[in-house]
Amino acid sequence: MMSSHSVLRHCWRTLLRCLPWLLASCTLHAAMASPTEPATRVLRVGVYANAPKLFLSQDGQPSGILGDVLVAIAEQERWQLEPVSCEWQACLQALQSGRIDLMPDVALTEQRAQIFDFHNTPVLQSWSQIYRQKGVPINAIPDLRDKRIAVVAGSVQASFLGAMLNSFGISAQLIPVDSFEQGFERVAEGSVDAVAANRFFGDLQAQAYRLESTAIVFQPSQMYYATLKGQHPDVLATIDRYM
């Protein structure tokens, strides 16, 4: 497994490569803001383990690409972030029930748009990919027939992959797990044949778990911060301003 310091270094390199305009914007705002002014807003933020996009840092703050972006915005807007650690499905349920105010790393879907609000400009572009145990002959979609594939419960990978397999008439067993990390562990130990994950997590963790990426790439998606519908429109408008 990679050390937390290695993950942090990787995240900062990715952030600098993908979002240089954000850092320039934050530098400009920092020159205009007073660091001694008190926080004006407390936001409970859901954080699940999905490095390098999102995870809790050693000091308990949101980190990773989306976490660091949010912390940078919060510093300039004088928001106080209260991280709430949760698994993915539990995070979405907490957002829907109002136990948290903001959830990073949410892909916009028609179903989610009925429950949550999103800002207009996406933070990241991503896609999903199948990762396999070395030696397992999975190279194309037909190779998934009768295979056991780990998917995070409630994730866009789970719903999209199921529909895609049905459209091809392929029977496969989708095994729900709580996190991408758990899915990779299941593949590494041999209890499943493959795992579906976003390419950020997969490319970072595949070597650590001795897994291989496959040519099965699907579901390009755009990632946002989300709030419960009708709540915190000013927060989303502020995020959009930085985006």
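The values are calculated or read from the model by the stated rules, or taken from the named source; none is laboratory data. Note that the structure is predicted; figures quoted are calculated from it, not measured. When we count neighbours, we look across all protein chains shown, and the Cβ atoms used for this are built from the backbone with ideal geometry, even at glycine. Side chains are part of the model used for accessible areas, which takes the heavy atoms of the whole protein and leaves out ligands, DNA and RNA. Shrake-Rupley method; radii C 1.70, N 1.55, O 1.52, S 1.80 Å.
Values computed for the structure shown
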item: Test: residue in segment 38-49 that is part of a strand (DSSP E or B), touching an Asp or Glu at 6+ places or on another chain (Cβ under 6 Å) and buried (at least 18 other Cβ atoms within 10 Å of the Cβ); result: yes
item: Selection status of L81, part of a strand (DSSP E or B), in contact with a helix residue (DSSP H, G or I) (Cβ under 9 Å, 6 or more places away or on another chain) and more than 23 Å from Q205 (Cα to Cα); result: yes
item: Selection within segment 172-197 - polar (S, T, N, Q) and part of a loop (DSSP other than H, G, I, E, B); result: S179, S191
item: Residues being closer than 26 Å to S57 by Cα, open to solvent by 20 Å² or more (accessible area, probe 1.4 Å) and charged (D, E, K, R) - total across segment 78-133; result: 4
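Residue by residue, here is whether (1) surrounded by fewer than 20 Cβ atoms within 10 Å (Cβ to Cβ); (2) at positive phi; (3) touching a Ser or Thr at 6+ places or on another chain (Cβ under 8 Å); (4) in contact (Cβ under 8 Å) with a residue 40 or more places away in the chain holds:
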site	(1), (2), (3), (4)
L144	no, no, no, yes
V152	no, no, yes, yes
L165	yes, no, yes, no
I170	yes, no, no, no
F180	no, no, no, yes
V187	no, no, no, yes
D193	no, no, no, yes
A208	yes, no, no, yes
I216	no, no, no, yes
